[in-house]
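I have placed the structure first, in the form of structure tokens, so that the comments after it can refer back to it.
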Amino acid sequence: MSASGVSFAGPGAWARFAHAEPVWGTVVSFDVRGPDDSGPFVAAAGEAVGEAVAFLHDVDAWFSTYRVDSPVTALRNGLLTMADVPSVVSEVLDECWRIRSLTNGAFDPWAVPGGVDPSGYVKGWAADVAADLLGRRGFRHVCVNAGGDVTCRGEQAPGEPWVVGIRHPECADEVVRTVVALDEAVATSGRYERGEHIHDPRQGRPAGLLDSATVVGPDGGLADALATALVVAGARGTQWFTELPGWSAYMVADGTATFFGPAFT
């Protein structure tokens, strides 16, 4: 298993179709499993993944802050209002606003330089949507890894669930814990990613209470946002989970891990 990656079943496993797509400045990988090892399975899986890949590029067109033609860039520049943006953009921003309230502002896409930037939610959300698209095409055993935000559906082999590794915040080639992902999302945020890129929106300075945070739950977008918010808020963020029964979190600070929830029992 690679750090922040997924372990795979050995010989005798189901058929597998895999694809890695560069998008959003990262790589989104697809792993589709099934009991049918025939050519038609591989062809159909490839076609379904192609549809999911097209969706990922639509996400880039809708939400990228680096594209001059995206609705989010237009919002940031005052060229569009919320009444003018596509419905998918308004729906995502509505959810970001809800999470902003849940986290008491520790997650706040509006408190960033240049204007609104929902990317701290979009990556996990898009992984969920892509996995669900594949499910609607009949592929129930799927793992989508969106640059470290992982959504799993079904199993990787008969009786073998997907297993996701959480990378060590100081050693990129080490895993500190594994998670058995049963139709769940696993999102990790850490200060090791691209330097001090996580800022406390309430203080306007780099966040430093946690080295990394991993959140496990049924909603990839929310898991993505909460992982970022926990790095900002630290242990105080555990109060948010009283509204999220069944969710789990794993936090690392100064070499010490604290955790709670069914994923880590």
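The values are calculated or read from the model by the stated rules, or taken from the named source; none is laboratory data. The model shown is predicted, which means the values in this text are computed figures rather than measured ones. Note that we place each Cβ from the backbone using ideal geometry, even for glycine, and neighbour counts take in every protein chain shown. Only protein heavy atoms, including side chains, enter the accessible area calculation; ligands, DNA and RNA are left aside. Shrake-Rupley method; radii C 1.70, N 1.55, O 1.52, S 1.80 Å.
Under the definition of Cα pairs under 8 Å and six or more residues apart, what whole-number percent is the relative contact order of the stretch 13-123? Before the final figure, lay out each step's value.
Numbers: 113 pairs, mean separation 18.7, N = 111.
Relative contact order for the stretch 13-123 comes out at 17 percent.
Please compute the length gained on full extension between E174 and R140, using 0.36 nm multiplied by the number of residues separating them and subtracting their Cα-Cα distance.
On the way: separation 34, 0.36 × 34 = 12.24 nm, distance 2.99 nm.
9.2 nm is the gain from fully extending E174 to R140.
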Percent of all Cα-Cα pairs per 5 Å bin for the stretch 83-154, counting from 0 up to the last occupied bin, reads 3, 16, 20, 19, 18, 13, 7, 3, 0
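Per-residue ellipticity at 222 nm for the chain, helices alone: DSSP H runs ≥ 4 residues times -39500 (n - 2.57), over residue total, nearest 500 deg cm²/dmol?
Numbers: 5 runs with 79 residues, N = 265.
The per-residue figure over the chain is -10000 deg cm²/dmol.
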Which of the peptides 215-226, 55-66 is most tightly packed, and how do the rest follow, judged by the mean count of other Cβ atoms within 10 Å per residue?
215-226, 55-66
Residue-wise, which Karplus ³J(HN,Hα) couplings in Hz belong to the stretch 142-151, taking 6.51 cos²θ - 1.76 cosθ + 1.60, θ = phi - 60°, and x for glycine or proline?
9, 10, 10, 10, 9, x, x, 9, 10, 10
Provide the per-residue ³J(HN,Hα) series for the stretch 92-101, in order, calculated from phi with Karplus coefficients 6.51, -1.76, 1.60 and θ = phi - 60°, each as a whole number of Hz, with x at glycine and proline positions.
5, 5, 4, 5, 4, 5, 4, 5, 4, 5
Taking 7 Å along the Cα-to-C-beta vector as the label spot, tell me the W97-V53 distance in nanometres, rounded to one decimal.
3.7 nm
Sticking with the crude label model, points 7 Å out along Cα→Cβ, report the distance from A61 to Q239 in nm, one decimal please.
4.4 nm
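Express the carbon and sulfur contribution to the solvent-accessible surface of the chain as a percent, rounded to the nearest whole number, probe 1.4 angstrom. Provide the component values of the computation, followed by the final result.
On the way: 6080 of 11780 Å².
The value for the chain is 52 percent carbon and sulfur by accessible area.
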When the convex hull of the C-alpha atoms of the stretch 60-190 is computed, what volume per residue in Å³ does it have?
138 Å³
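Over the chain, what is the relative contact order in whole percent, taking alpha-carbon pairs under 8 Å and six or more residues apart?
On the way: 539 pairs, mean separation 48.1, N = 265.
Once divided by the residue count of the chain, the mean separation gives 18 percent.
Can you tell me what the convex hull of the Cα atoms of the stretch 39-105 projects to on average, as an area in nm²?
Details: hull surface 25.8 nm².
With every direction weighted equally, the projected area is 6.4 nm².
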